[in-house]
Every structure is written in structure tokens, then in C-alpha cells.
Amino acid sequence: MKKELFKHPEFDKIDDYYKEIFHDGEYNRHGAKVQSGDVCVDLGAMVGIFSHYALTRGASEVYSIEIDPERYKCLVENTDQYQEIKPFLGEVSDQHNGKNLYSIEGIIKDNNLPSVDFVKMDIERAEYPVLVNIKNSTLNRVKKWAIEFHLDWSNNSENWSHGSDFHHHNTSKLLYIMDKFSSNGFSIALEHIHKQYSIMMLYAWK
């Protein structure tokens, strides 16, 4: 789908998002790449640009979750011609009710998925409670991850609006999550892709 055809409530941002995903390969690095036949989960789907990208890479299914109602409306309009893309309106969380809260474990269970091949995560600081609290058994049901991390929430002193606390670990939340991936057999790479922002990308794969 050409970028001019995407509907977006902030249309002036389409160029940047499209470039990051389709041209800069922000979600196509190291061993974290969408391949033919992959089942993907798009967390923080916005208007569906990554979901479309996953289809161009051969994904068989994409489960797309977006919290903002206006962006979700555009997500539905931008993807309704593709039955492989399944949009959901709600918050990505470490909790799950299948209505307005969606956890990775809940998405897997609700859709009877034996595993997920690729998770793209861009959920504006909710990545910390989601990944600190995720069970190892769930973590290992996903083969490849591409996760945006906001460094201003990486320290233990930052409070969360939901989810469990950090349980007084002495390391930063980001280092704790990286160790969690490594301890579960994942290869990882950390990149400061957007130099002008305090944002890192973590890639994990098996």
C-alpha cells in the first residue's frame, strides 16, 4: 500500500513513520526479521503501517493492537481489505481481559496460537511493565522481537501507571529485561537508532 493511501489523524507524520518502517528497516535488523509464513503481533499498531509491511515480507497473520480510538479507526480502514490483518482496540498491558486490555499471553491464548514468530512493540513506556512481568513460558513462545524503549523510564525511580513494581532490583529495568531475554536463550542487540531522542531499539531472536 502506497504511503499516500494511508489514512491517519495526523497525516503529516505518515512520511516519517513510513520511512522508518519501509526504508530504514527499523523492524528488520539482526535476527529480528519478518519472514514468509510468520505470525506477527503488532503492539502499538497506530494506523497499520507495520502491519502492511509485515504482509509485504510474507507474514501469514498479523494481530494489530492500538489504544487510540482515532488511530484505530484509521487502522481498520487501512486494513479492512486484508483478512490476514486482525485489528483490536485496547491497551497493551501485563493484564488481559480481551476487551480493552491485551497482554501477549492473552493474545496467544485467545487466538489459539501455538507460538508467535515476530512481535513488534512500540507502546510508549508500557514496554517496561509488560516485559518485566511477562512469564518466561510466554517469552519463549515468541521467536523474534523488535522493541522500542524509552530511556526516561529505564531507571528504578520511575513509577508506573499500572503493572507490578520493579521489586527492588538493583539494575535498571532495561538491563533487567535484556538479561531476561539472554537468560532464556535469545540473542540480543541494542541500538540507538534515533540519535535525537532518548529512545533505543532492542532486538531479540532465537
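Could you list, in sequence order, the residues of segment 120-155 that are crowded, with 17+ Cβ neighbours inside 10 Å, among the charged types (D, E, K, R), over 12 Å from the mean Cα position of the chain (by Cα) and under 13 Å from Ile199 (Cα atoms)?
None - no residue of segment 120-155 is crowded, with 17+ Cβ neighbours inside 10 Å, among the charged types (D, E, K, R), over 12 Å from the mean Cα position of the chain (by Cα) and under 13 Å from Ile199 (Cα atoms), so the list stays empty.
Between Glu70, Glu66, which is within 14 Å of Lys7 (Cβ to Cβ), acidic (Asp, Glu) and surrounded by 21 or more Cβ atoms within 10 Å (Cβ to Cβ)?
Glu66
In segment 1-45, what count of residues is obtained for those that are in a helix (DSSP H, G or I) and open to solvent by 40 Å² or more (accessible area, probe 1.4 Å)? Explain how you work it out, then say what you get.
Just the residues of segment 1-45 that are in a helix (DSSP H, G or I), to begin with: 3-5, 11-23.
Now narrow it down to the ones that are open to solvent by 40 Å² or more (accessible area, probe 1.4 Å): 3-5, 11-13, 15-17, 19-20, 22-23.
Residues that pass the stated criteria total 13.
Hey, can you tell me all the residues within segment 127-155 that are part of a loop (DSSP other than H, G, I, E, B) and modelled with pLDDT of 90 or more? Talk me through it step by step, then tell me what you get.
To start, the set of residues in segment 127-155 that are part of a loop (DSSP other than H, G, I, E, B) comprises 134-135, 140-141, 154-155.
Answer for segment 127-155, where residues must be part of a loop (DSSP other than H, G, I, E, B) and modelled with pLDDT of 90 or more: Ile134, Lys135, Asn140, Arg141.
Got at least one residue in segment 90-97 being free of Cβ contacts under 8 Å to residues at least 60 places away in the same chain and more than 15 Å from the chain's Cα centre (by Cα)?
Scanning segment 90-97, I find at least one residue that is free of Cβ contacts under 8 Å to residues at least 60 places away in the same chain and more than 15 Å from the chain's Cα centre (by Cα), so the answer is yes.
Tell me whether segment 108-120 contains one or more residues that are assigned to a loop (DSSP other than H, G, I, E, B), on the phi < 0 side of the Ramachandran plot, modelled with pLDDT of 95 or more and among the aliphatic types (A, V, I, L, M).
yes
Return the pairs, sorted by first residue and then second, in which the second residue is open to solvent by 60 Å² or more (accessible area, probe 1.4 Å) and not in a loop (DSSP other than H, G, I, E, B), the first residue lies in segment 177-206 and is in contact (Cβ under 8 Å) with a residue 12 or more places away in the chain and among the basic types (Lys, Arg), the beta carbons are less than 9 Å apart, and the residues are 6+ apart or on different chains.
Cβ pairs passing all conditions: Lys180/Asn136; Lys206/Lys143.
Take the residues in segment 156-206 that are modelled with pLDDT of 85 or more and in a loop (DSSP other than H, G, I, E, B), then tell me which one is surrounded by the most Cβ atoms within 10 Å (Cβ to Cβ).
Phe186
The values are calculated or read from the model by the stated rules, or taken from the named source; none is laboratory data. The shown structure was predicted, so the numbers you read here are calculated from the model rather than taken from an experiment. Cβ sites come from the backbone with ideal geometry, for glycine too, and all protein chains shown count toward neighbours. Note: accessible area is taken over every heavy atom of the protein model, side chains too, but ligands, DNA and RNA are not part of it. Shrake-Rupley method; radii C 1.70, N 1.55, O 1.52, S 1.80 Å.
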